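The values are calculated or read from the model by the stated rules, or taken from the named source; none is laboratory data. On a predicted model such as this, the values are computed, not experimentally measured, just so you know. Cβ placement follows ideal geometry from the backbone for every residue including glycine, while neighbour counts extend to all protein chains displayed. Only protein heavy atoms, including side chains, enter the accessible area calculation; ligands, DNA and RNA are left aside. Shrake-Rupley method; radii C 1.70, N 1.55, O 1.52, S 1.80 Å.
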Amino acid sequence: MEVQWPESFQRMLDRYKGAAGQGKERDAEVYSFIIAALGELSSLDGEPTEESATFKIVRQCKAHTVWRVSHPYVKGLAVRVIAWFPPEHKDTVVVALFSGDKSNIGDIFYNSVEDRAKVAIQAWYREQEEKNDGTNELPSRK
């Protein structure tokens, strides 16, 4: 599975990587969970067909079916990656949203997923059009 994401996610990923490289422990932990989530997504053969401890459908999102990718329990840390599987590209998954640490805000995070995911998905489509000059080929983010 090819994992892609909008530029906004890349900027955030770069910030965490840089902070982790500077020895900031919490940022390093968040970064490692993000990388692990991306690894989980890339190991898929397609959109999950059933929920698991790692993958669950975000029920609050009605416009698009999005999945949350989570990690095993760590006290005080809850990193979530929200992923969307474009129906027209069966071998692609798009990171639509990210929570660096939702442990402090709990399920309030999920109440905003639909609006924020729609914006991220639209931005991803625009970026693909710009990169491909209107063609259907998707650039790789690997």
Exercise for the section: Give segment 35-63 a look and list any residue that's over 16 Å from residue 1 (Cβ atoms) and more than 14 Å from the chain's Cα centre (by Cα), or say none. Expected result: 50, 51, 53, 59, 60, 61, 62, 63
Fill in the blank from the handout: Residue hits (segment 27-49; touching a residue at least 40 places away in the same chain (Cβ under 8 Å), within 18 Å of residue 73 (Cβ to Cβ) and of a type in the set (D, E, K, R)) are 29
Fill in the blank from the handout: Taking segment 36-73 and keeping only residues that are modelled with pLDDT under 85, farther than 14 Å from residue 94 by Cα and open to solvent by 40 Å² or more (accessible area, probe 1.4 Å), one is left with 59, 60, 62, 63, 72, 73
Practice task
Return the only residue of 74, 3, 30 being of a type outside the set (Gly, Ala, Ser) and touching a Leu at 6+ places or on another chain (Cβ under 6 Å).
Solution key: 3
Problem - Near pairs, Cβ below 6 angstrom, 6+ apart or cross-chain, from segment 115-126 (closer than 19 Å to residue 59 by Cβ and of a type outside the set (Lys, Arg)) to any residue that is modelled with pLDDT of 80 or more and open to solvent by 70 Å² or more (accessible area, probe 1.4 Å) - result: none
Practice task
Test each condition in (1) modelled with pLDDT of 65 or more; (2) touching a strand residue (DSSP E or B) at 6+ places or on another chain (Cβ under 7 Å); (3) exposed (fewer than 15 other Cβ atoms within 10 Å of the Cβ) for residue 95 and report the one that comes out false.
Solution key: (3)
